[in-house]
Amino acid sequence: PVSFRGLEERKVSLVGEGFFEVTKNTKHPFIVHTSQIDIRVLGTSFNVNAYENEDEITVALEEGKVSLLKSSNTKEMISLSPNEVAKYDLVNNQILHKKEKDLDLYTAWKEGKIVFFDDPLEKVVARLENWYNINIEIQDKKLLENHITGTFNDNSLDQVLYFLSLMSPIEYQFKPEQQGEKQTIILKSKMN
């Protein structure tokens, strides 16, 4: 809604990624609803990554306090304090929780940066698909053994793919575009 005035809950649904700065209001909690979990907030700033094509939902808390709840009920699964990150594994229904010195890995996107830190290629591909609204096909499954570390700052898709090909055994090609479909990129091994 444009305004939450007169509502018991301040509630939004999220598919994708969002950074929230929520004004404290103990009588009217703010709730971010994702496909599997809800994030309950009283007043805070935090990042949520909840893309449909990824196997986890990540919540990174900058300041304040948030609670993660299973969407199907209101039972609290975990509560986060500043600089803590929770990753909810959708496949195994588990939460990984850790303290971070720097949340830049989770919030750099607000400044137009994509940051990878020893991320498996599968996660890199999912992030690039979401960032550039494309499809990526991995032709050689052996490429999934690669991990990527790097920061891309307002780079074009061509530039990112070129840099990835320099730092790993990846070769890429653009598939001819089909009208009304997303651009598709094929990744294959340089070793073939």
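With the other protein chains left in place, how much accessible area per residue, in square angstrom, belongs to the chain at a 1.4 angstrom probe? Don't jump to the answer; show the numbers that get you there.
On the way: 11180 Å² over 192 residues.
Spelled out: the 1.4 Å probe surface of the chain, per residue, equals 58 Å².
Within the chain, what whole-number % of the accessible surface is contributed by carbon and sulfur, with the 1.4 Å probe and all protein chains included in the calculation?
Answer for the chain is 47 percent, counting heavy atoms of protein chains only.
For region 65-151, pairs of C-alpha atoms spaced more than 19 angstrom apart make up 55 percent of the total.
Which of rounded, prolate, oblate describes region 48-96, given a ≥ b ≥ c as roots of the alpha-carbon gyration tensor eigenvalues and a/c under 1.5 marking rounded, otherwise prolate only if a/b is larger than b/c?
oblate
Where the alpha-carbon atoms of the chain are placed on the principal axes, they occupy 61, 38, 31 Å, in descending order.
As a test of the formula, what do you get for the chain when each DSSP H run with n ≥ 4 contributes -39,500 (n - 2.57) and the sum is divided by the residue count, at 222 nm and rounded to the nearest 500 deg cm²/dmol?
Theoretical 222 nm ellipticity from helices: -4000 deg cm²/dmol.
With K and R counted +1 and D and E -1, the other residues having a Cβ less than 14 Å from that of Glu9 yield a net charge of +3.
Counted over region 84-192, the DSSP beta bridges are approximately 80% antiparallel.
Seen against the Cα atoms of the chain and their longest principal axis, helix 157-167 is set at about 70 degrees.
The values are calculated or read from the model by the stated rules, or taken from the named source; none is laboratory data. These numbers come from a predicted model, not from an experiment. Heads up, the Cβs are rebuilt from the backbone with ideal geometry, glycines too, and the neighbour counts pull from every protein chain shown. Accessible surface areas use protein heavy atoms only, side chains included; no ligands, DNA or RNA. Shrake-Rupley method; radii C 1.70, N 1.55, O 1.52, S 1.80 Å.
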